[in-house]
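Visitor: First the structure, which I've put down as structure tokens, then a few questions once you've had a look.
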Amino acid sequence: MQSIYNFMVSPYAKRTTSEKEINGVTLLLNTELQNHLYTSRHGVVKAIPKVNDLGLLPGDEVIVHHNVFRRFRDVRGAEKNSRSYYEEDKYFVYPDQIYAFKRDGEWKPVAGFIFVKPMLDEHMFSEHNELPLIGKVKYAYEGFESGELIGFTPGTEYEFNIEGEKVYRVPANRITIKYGHQASEKEYNPSWSQSS
């Protein structure tokens, strides 16, 4: 079976990220079905469509939209799978729901997106740990370099955890300024985002 436009993707490990292992003990982080923050976004391509504009191959790891592997409750309280669900561990994913892929050990964003690391806010009286709307490019798209400091418009960043690092996916057309390479800024990676 080969779809015309949709990729067949399976979760990399599980559908959710609501459990964490610490010193051999499993800690349950979330019991809500509705919370999208604990839905896995890491998958593996099982089959490619006939129209494959992204150039993905079977076996590539991918970062997908949070609704792909999601379960939720409908208005009557019944549990439902996302629209992407085909059968257990098989999901049809539209190309615009894939944001990055890993091939040969290297993550690459798909056309139109970059991933940035948040920067540490070292101001003494700051209420936040991150500098707002500024980040260092982690996974670069055409026209950007890894390590480059950039600014972006509010509300366009979306948080992901890729290999134990907190990163934001930002559309490339929402970058407002390139600061270049500035060594004085420190990356911010909270301890909760690191794998155990």
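Visitor: So, Asp53, is that one surrounded by fewer than 18 Cβ atoms within 10 Å (Cβ to Cβ) and under 24 Å from Gly164 (Cα atoms) or not?
Guide: Taking the combined requirement at face value, the residue does not satisfy it.
Visitor: When you go through (1) at pLDDT 85 or above; (2) within 26 Å of Tyr139 (Cβ to Cβ); (3) polar (S, T, N, Q) one by one for Thr17, which number turns out not to apply?
Guide: If we test Thr17 against (1) at pLDDT 85 or above; (2) within 26 Å of Tyr139 (Cβ to Cβ); (3) polar (S, T, N, Q), just (1) comes out false.
Visitor: Which ones in segment 103-152 are assigned to a loop (DSSP other than H, G, I, E, B) and aliphatic (A, V, I, L, M)? Before you say what the answer is, go through the steps one by one.
Guide: Step one: filter segment 103-152 for residues assigned to a loop (DSSP other than H, G, I, E, B), giving 104-105, 110-112, 121-129, 140-148.
Selection gives Val110, Ala111, Met124, Ala140.
Visitor: Any residue at all in segment 27-42 that is surrounded by fewer than 16 Cβ atoms within 10 Å (Cβ to Cβ), modelled with pLDDT of 85 or more and not assigned by TED's automatic domain parsing to the domain that holds Tyr158?
Guide: no
Visitor: Also, quick follow-up: From Tyr91, Tyr141, which residue is surrounded by 19 or more Cβ atoms within 10 Å (Cβ to Cβ), of a type in the set (Phe, Trp, Tyr) and touching a residue at least 60 places away in the same chain (Cβ under 8 Å)? Spell out the reasoning first.
Guide: Values: Tyr141 fails: touching a residue at least 60 places away in the same chain (Cβ under 8 Å).
Just one listed residue meets the conditions, Tyr91.
Visitor: In segment 93-102, what residues are among the aromatic types (Phe, Trp, Tyr) and either in a strand (DSSP E or B) or in the same structural domain as Arg169 (by TED's automatic domain parsing) (or both)? Walk me through how you get there before you give the answer.
Guide: Taking segment 93-102 first, the residues among the aromatic types (Phe, Trp, Tyr) are 94, 99, 101.
Of everything in segment 93-102, those that are among the aromatic types (Phe, Trp, Tyr) and either in a strand (DSSP E or B) or in the same structural domain as Arg169 (by TED's automatic domain parsing) (or both) turn out to be Tyr99, Phe101.
Visitor: So Glu159 clears everything in (1) outside the structural domain of Lys178 (by TED's automatic domain parsing); (2) free of Cβ contacts under 8 Å to residues at least 60 places away in the same chain; (3) not in a loop (DSSP other than H, G, I, E, B) except one condition, right? Which one?
Guide: (1)
The values are calculated or read from the model by the stated rules, or taken from the named source; none is laboratory data. Since the structure is predicted, the reported quantities are computational estimates derived from the model, not experimental observations. All Cβ positions, glycine included, derive from the backbone under ideal geometry; neighbour counts span all protein chains shown.
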